[in-house]
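Below is one structure, written out as C-alpha cells; the observations come after it.
Every number in this text was worked out from the coordinates using simple rules, so none of it is lab data. If you're wondering where the values come from, they're calculated on a predicted model, not measured in any experiment. Cβ: placed from backbone, ideal geometry, glycine included. Neighbour counts: every protein chain shown.
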Amino acid sequence: MPLSLARLAAYAAPGIGFGFITLLVGTYFMKYATDVLGIPAAAMGAILLGSRLWDAVADPVAGYLSDRTRSRFGRRRPWLVAGALPLGIAFVLPWSPPPAFAEGARIAWVAGGMLLLFTALTICRMPHEALGVELSRDYHERNRVFGVKRALFGVGALAVFAALARLGEAAEPRAMVLELTIAAGAVTAALLVLAALAAREPRAHAGRGAVHPLAAARDVLANPHARRLLSVSLLQQIAMGTVTTAAAYHTQYVLGDAGAFPMLIGCFFVASLVSIPVWVRVGRHFEKKPLLVAAMAATGALMACMLAVGPGDRTLLLAIAAAGGFASGALDVFMPSLQADVIDWDELRTGERKEGVYCAAWNLVEKVGMGVAAAVTGLALAASGFVPNQPQGDAALLAMRLLLSLFPLLCFTAGAARFAGFALDRAAHARVRHELDSSQPALEGGQDLRDVPYSPTDFASASRW
C-alpha cells in the first residue's frame with residue numbers, strides 16, 4: 001500500500017534542515033571563520049580536515065549502533081529524538097565563539113564546535129537515512145520515498161542562497177549568523193521530532209542488526225550488487241564534485257563573469273528539483289537500471305557541451321547547467337532506491353537488516369568522491385600554471401574547461417558502463433522479496449531471523465540474484 005503523502009513528507013522534512021546545514025557549512029563557513037572570526041586559514045584547514053576524518057569514522061559506528069538498537073519505539077526513531085536538541089545547539093556553536101576570546105581560545109572553540117556539529121549530524125542523519133530504506137518494500141514506491149526526500153533536501157540547500165544574500169548585505173555578520181543558525185537549528189530539531197512521531201518502523205526488523213561490526217563491513221563488500229553500486233556512486237560523486245569545484249574557476253576566468261557562478265549552481269539545483277516528480281512518474285513504468293544508465297550518459301554528454309562555452313557565453317552555460325541538472329535528478333531518485341533493493345538481497349543472504357551500515361558505506365563513498373574531486377581540481381590547476389586573481393594562461397584555461405566538460409564525461413561514461421552489468425532488476429528483486437516475505441509471519445511474532453538456520457540452498461538462491 002502506498003505511503004500517504006503526509007507521512008512521507010513528515011519523514012523527509014528533516015532533509016530541509018540537513019540540506020541547509022551541510023551546504024551553508026560547506027560553502028560559507030571557511031570564509032566566515034577566516035574573515036569574521038579571525039581564525040588563521042591554516043588552522044581552519046586543519047579543523048575542517050579533522051572534522052571530515054572524524055565524520056568518516058563516526059558514520060559507520062552510528063550506522064552499526066542504530067542497526068543494533070532495541071527499544072519499544074524501534075531502532076531509528078529514538079536516535080532522531082535524542083539527537084534533535086544536540087544538533088540544534090551544535091549548529092550554533094562553531095559560528096559564535098565569545099567575542100572576548102583570544103585567538104587560541106577561538107580556534108579551540110571552533111574546533112570543538114565543528115566536532116560536536118559533525119557528531120550530532122551523524123547521530124541524526126545515519127538513522128534517518130536507514131529509516132527511509134525501511135518505509136517501503138515496494139520496488140517502485142521506493143522511488144517516491146527517495147524522490148520526496150531528495151526534493152526536501154534540495155529545498156533546504158536552495159534556502160542557503162537566500163541566506164548568503166542576506167549575509168552579504170549584513171552590517172553585522174556575526175549577529176546575522178547567530179540569528180540564522182539559531183532559527184535553522186530550532187527548525188531542524190523540530191522536524192526531526194516530527195519525523196520520529198510520524199514514521200513507522202517494521203517490527204520484523206527489531207534486533208536484527210549485524211552482531212559484529214567487522215562482519216557487517218565484510219558483508220557489504222561480499223555483496224556483488226553493493227560493490228557495483230558503490231563503484232558507480234564513487235564515479236558519480238567524483239564527476240559532480242569536480243563540476244561544482246571547478247565551476248567557480250571556470251565562470252571567473254573562462255567565462256569572465258564571476259557573478260554567474262551562483263546562477264549556474266542555482267540553475268542546476270532548481271532543474272534537478274523540478275525533474276524529481278518527472279523521474280518518479282517515469283520510474284513507475286520502466287526499470288531503474290536502464291533509466292539510471294541513460295541518465296548518467298545524458299548528464300555526461302551535457303557536461304561535455306561545456307567545452308563549447310567561451311567568454312561571455314552565460315546563456316549557453318546556464319542552459320547546459322539546467323539540462324544537466326534535469327538529467328542528474330534521475331540519479332538522486334534511482335540510486336538510493338536501488339540501494340534499498342540491494343539491502344533486501346543482503347537480508348536474504350545473511351538474515352540481518354543492516355540499513356545503517358549500508359547507508360554509512362554509501363556516505364563514505366560520497367565523501368571520498370568529493371575529496372578525490374577536490375584533489376583532481378587542485379592538481380590540475382597547479383599543473384597548468386594557475387595563478388589566483390590574475391589573467392590565466394592558455395594551459396590553465398584549458399584545464400578549467402576540461403574539468404567542467406570532458407573529465408565529468410569520462411567519469412559518467414565509466415559509471416554507465418560499470419552499471420550496465422547490474423543484475424538486481426525488478427524480477428530478481430521480486431524473487432528476493434517473495435522469499436523474505438514468506439518468513440514474515442514468524443518474524444512479526446517476535447522471532448529473530450538470526451535464530452533461523454539458513455541452508456546452503458538459501459545462500460545459493462540469494463547468490464543467483
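A few points about this structure:
- Using a Förster distance of 35 Å, the FRET efficiency for ALA301-ALA428 (Cβ separation, nearest 0.05): 0.75
- Eigenvalues of the alpha-carbon gyration tensor of the stretch 190-249, scaled by 5 and square-rooted, set the equivalent ellipsoid semi-axes at 32, 24, 10 angstrom, largest first.
- Cβ-derived FRET efficiency at R0 45 Å, ALA420 paired with PHE161, nearest 0.05: 0.80
- Partner aspartates and glutamates whose Cα lies under 18 Å from the Cα of LYS149, excluding those fewer than 8 positions away in the same chain, are identified as GLU129, GLU134, ASP138, GLU141, GLU201, ASP332, ASP341, GLU355, GLU366.
- Leading residue at positive end of dipole, the chain (Cβ point charges), from VAL333, THR22, LEU178: VAL333
- Placing dummy labels 7 Å off each Cα toward the beta-carbon, the span from HIS285 to THR315 is 3.3 nm.
- Along each principal axis, Cα extent of the stretch 136-206, largest first, Å: 55, 23, 14
- Integer Hz, Karplus 6.51/-1.76/1.60 couplings in order for the stretch 412-422, x for Gly and Pro: 5, 5, 5, x, 5, 5, 5, 6, 4, x, 5
- Remark on ILE39: its backbone amide H falls under 5 Å from those of THR34, a criterion applied only to residues 5 or more positions apart or on other chains, H modelled at 1.01 Å from N.
- Look at where the Cα atoms of the stretch 125-179 and of the stretch 13-88 average out, and the two centres are 13 Å apart.
- Available extension along the chain between ALA383 and ASP257 is 43.0 nm, counting 0.36 nm per residue and deducting the alpha carbon span.
- Loop-located GluC sites (Glu not before Pro) across the stretch 309-369 with a Cβ neighbour count of 15 or fewer within 10 Å are lacking, with loop assigned by DSSP.
- Where labels lie 7 Å past Cα in the beta-carbon direction, separation of ALA294 and LEU178 in nm: 5.4
- In the stretch 232-366, the convex hull through the Cα atoms has an average projected area of 8.7 nm², a quarter of its surface area.
- Here the alpha carbons of the chain define both size measures, Rg and Dmax, at 22.6, 71 Å.
- For the stretch 3-14, the Karplus equation 6.51 cos²θ - 1.76 cosθ + 1.60, evaluated at θ = phi - 60°, returns couplings of 5, 5, 4, 5, 5, 5, 5, 5, 4, 7, 4, x Hz by residue, with Gly and Pro reported as x.
- The stretch 219-260: proportion of alpha-carbon pairs further apart than 15 angstrom, %: 57
- Under Karplus coefficients 6.51, -1.76 and 1.60, residue-wise ³J(HN,Hα) of the stretch 64-74 in Hz, glycine/proline x: 5, 5, 5, 4, 8, 5, 10, 7, 5, 9, x
- Computed E for GLU435/ALA100 - FRET, C-beta separation, R0 45 angstrom, nearest 0.05: 0.10
- Lys/Arg +1, Asp/Glu -1 at C-beta; the chain dipole; positive extreme among ILE320, ALA189, TYR139: TYR139
- Taking 0.36 nm per residue of separation and subtracting the current Cα-Cα distance, fully stretching the chain between ALA308 and VAL61 would add 84.4 nm.
- Relative contact order for the chain, counting Cα pairs under 8 Å that sit 6 or more residues apart, in percent: 24
- Principal axis dimensions, the stretch 75-179 - Cα atoms, whole angstrom, descending: 56, 31, 17
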